[in-house]
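Everything below concerns the one structure shown next.
The values are calculated or read from the model by the stated rules, or taken from the named source; none is laboratory data. Keep in mind that what you see is a predicted model, and the values were worked out from it rather than measured. For neighbour counting, all protein chains shown are included, and Cβ atoms are generated from backbone atoms with ideal geometry for every residue, glycine included. For accessibility, only protein heavy atoms count, side chains too; no ligands or nucleic acids. Shrake-Rupley method; radii C 1.70, N 1.55, O 1.52, S 1.80 Å.
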Amino acid sequence: MSRVYKFLDERLNLTPLIRSIADHEVPEHADPSKHVSAFMYCFGGIAFFILLLQALTGVFLMLYYVPSPEDAYASVNYIENETAFGGFIRGIHRVGTTAAVVMVSLHMLRVVLTGSYRKPRELNWIAGIFLLLLVAGSCFTGYLLPWDQKAYWATTVGVNMVASIPLAGGFLADALRGGSEVGALTLVRFFVIHVMFLPAFLVIFLAAHFFMVRRQGISRPL
Amino acid sequence: METDSPSGGRDRSFFYPHQMFFECMTALAVLAVLVALSFVWQAPLEEMADPGDVTYVPRPEWYFLFYFQLLKYFEGPLTVVGTCVLPALVFVLLLLLPFLDKGETVDVRKRPVAAAVCLAVAFSVAGLTAVSILEDERHGYRMVLPPITGEQIAEGQDLFRRFCQSCHGMDGKGGFFAPDLTQIGSRTNRAYIERVILQPQIVSQTTIMSLVPLSDTERHAVSAYLSRKK
Ligand code: HEM
């Protein structure tokens, strides 16, 4: 291990990089070995871990999933019942959505309770709100993908809600559906939004979020 | 940065390896819980989507339930308030929160307004979710229907003759006020029939169909009977 590290370090000069990542101090109030209450500082990290799990299980689901009205349902059914560990992976991806929502909410609650959104962390709070929207959006778009009754009709209701927005609503709803009905184009759109757009934005906002956490440190209770 | 100031002494702990160890342990625990839960709550897969079946009443995932419940209170011309005005307001409020709630102390006990708002929001969300689940149960969206037995079908037929046939036609007999239900089972599903009995207005706002006070078992019997009429 140390020989490998030395080899890489001599060539890439890794040490300063790693120092800057690993050597920051953990304040006492956020250290679970010193205060039990420090556990609420873990919620953000747990949320992040769950998002990683979602990405990993999601990639495996994509190996079989086909985003077309004829095949989507059959492919999910196939994943669930025919493939090795398919049902397991899908189960985790599904429970993961709930877990992500719960952990992000708890994290947000902790930030509010400790007043951590105050100066200088206002911008990080705002980044957090966008993260919340992105997570909610992922839940909504993922719901359609199995193309079962629930998926189809829940999405119809959801898009109709968008349509009720004055002025822009009709246009937005048509853009989401790719027409006036939930159909083949809607499924492809939701799929691409779910696996490309939202994850890309999640990565960007998470990077900003973590960058700010590192620059500003964890807030200290007064 | 004030927060980075070392707390001094030998007691200082650093991210690596100290915090890293906790994070890994926590991650493992989270993974174990998720795996366990994924076995308890099997990911559902209903029947394939049927864009023609307008009787299906979709329910969102539980974390959106509170919002759907809220929307029920804004109907007709007020719909925009629920779908647009309120979410926009909440969004702007959230964005502005750090600039509204300023001050020195972060102790919740000394921030009554922030604490009250926070509690109010948490309770409304929890309350709306609970109401929504209860209503769903009452209206049978989450009905757990007992399996159909021959006995039930016979009882259902009997009840139907007594309470429903005065209006509804059935196998060439019965009233003319209401749709003939001879083939109702091929048109709709059992859950829908249950909901109509519970709340006739879902067929049409101005329906003349009366609310027949059946017990749960009786209603299940009638719906079992009708759902087999194909
Ligand atoms: C995708 C979801 C999110 C992830 C993965 C995430 C992750 C994290 C992590 C790891 C921290 C370090 C401290 C901790 O864990 O408590 C943190 C801090 C913070 N987060 Fe998040 N977060 C997310 C969403 C949010 C949301 C929705 C908000 C609020 C609207 C928010 C606001 C903040 C703030 C203000 C801090 C600084 C707290 C302090 O310094 O005490 N985050 N976030």
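Here are some notes:
- Pick from the stretch B:124-154, criterion open to solvent by 70 Å² or more (accessible area, probe 1.4 Å) and in a helix (DSSP H, G or I), ranking: modelled with the highest pLDDT: B:GLU151
- Restricting A:SER33, A:SER37 to residues that are open to solvent by 60 Å² or more (accessible area, probe 1.4 Å), in contact with a strand residue (DSSP E or B) (Cβ under 8 Å, 6 or more places away or on another chain) and modelled with pLDDT under 90 narrows the list to A:SER33.
- Failed condition for A:GLY142, given (1) more than 9 Å from every other protein chain (Cβ to nearest Cβ); (2) of a type outside the set (Phe, Trp, Tyr); (3) under 29 Å from B:LEU119 (Cβ atoms): (3)
- For first residues located in the stretch A:116-129 and assigned to a helix (DSSP H, G or I), partners that are within 6 Å of the ligand (Cβ to nearest atom) and lie 6+ apart or on another chain with Cβ distances below 6 Å form the pairs A:TRP125/A:TYR117; A:ALA127/A:HIS209.
- Hits in the stretch A:146-195 - residues which are more than 11 Å from chain B (Cβ to nearest Cβ) and among the charged types (D, E, K, R): A:ASP174, A:ARG177, A:ARG189
- Within this structure, A:LEU63 fails the test of being more than 7 Å from chain B (Cβ to nearest Cβ), at pLDDT 90 or above, within 24 Å of the chain's Cα centre (by Cα) and within 12 Å of the ligand (Cβ to nearest atom).
- Filter result (touching a residue at least 60 places away in the same chain (Cβ under 8 Å) and in a helix (DSSP H, G or I)) within the stretch A:155-189: A:ALA184, A:LEU187, A:VAL188
- All of (1) facing chain B (nearest Cβ under 7 Å); (2) in contact (Cβ under 8 Å) with a residue 24 or more places away in the chain; (3) within 13 Å of the chain's Cα centre (by Cα) hold for A:VAL135 with one exception: (1).
- Among (1) in a loop (DSSP other than H, G, I, E, B); (2) more than 24 Å from A:ASP148 (Cβ to Cβ) - the single one A:ALA84 does not satisfy: (2)
- Residues located in the stretch A:135-150, provided they are open to solvent by 20 Å² or more (accessible area, probe 1.4 Å) and either more than 16 Å from A:THR186 (Cα to Cα) or near the ligand (Cβ under 8 Å from one of its atoms) (or both): A:ALA136
- Per the listing A:GLU70, A:GLU80, the residue uniquely open to solvent by 30 Å² or more (accessible area, probe 1.4 Å), more than 9 Å from every other protein chain (Cβ to nearest Cβ) and either aromatic (Phe, Trp, Tyr) or touching a helix residue (DSSP H, G or I) at 6+ places or on another chain (Cβ under 9 Å) (or both) is A:GLU70.
- Scanning the stretch B:157-179 for residues that are in contact with an Asp or Glu (Cβ under 7 Å, 6 or more places away or on another chain) and touching a residue at least 60 places away in the same chain (Cβ under 8 Å) gives a single hit, B:LEU159.
- Criterion applied to A:ALA127, A:ALA184, A:ALA175 was being open to solvent by 30 Å² or more (accessible area, probe 1.4 Å) and either farther than 22 Å from B:MET48 by Cα or within 16 Å of the ligand (Cβ to nearest atom) (or both), and the one residue passing it is A:ALA175.
- Output for the stretch B:157-183, where each listed residue is polar (S, T, N, Q) and open to solvent by less than 30 Å² (accessible area, probe 1.4 Å): B:GLN165
- Residues that are among the basic types (Lys, Arg) and either surrounded by 21 or more Cβ atoms within 10 Å (Cβ to Cβ) or more than 8 Å from the ligand (Cβ to nearest atom) (or both) within the stretch A:89-124 comprise A:ARG90, A:ARG94, A:ARG118, A:LYS119, A:ARG121, listed in sequence order.
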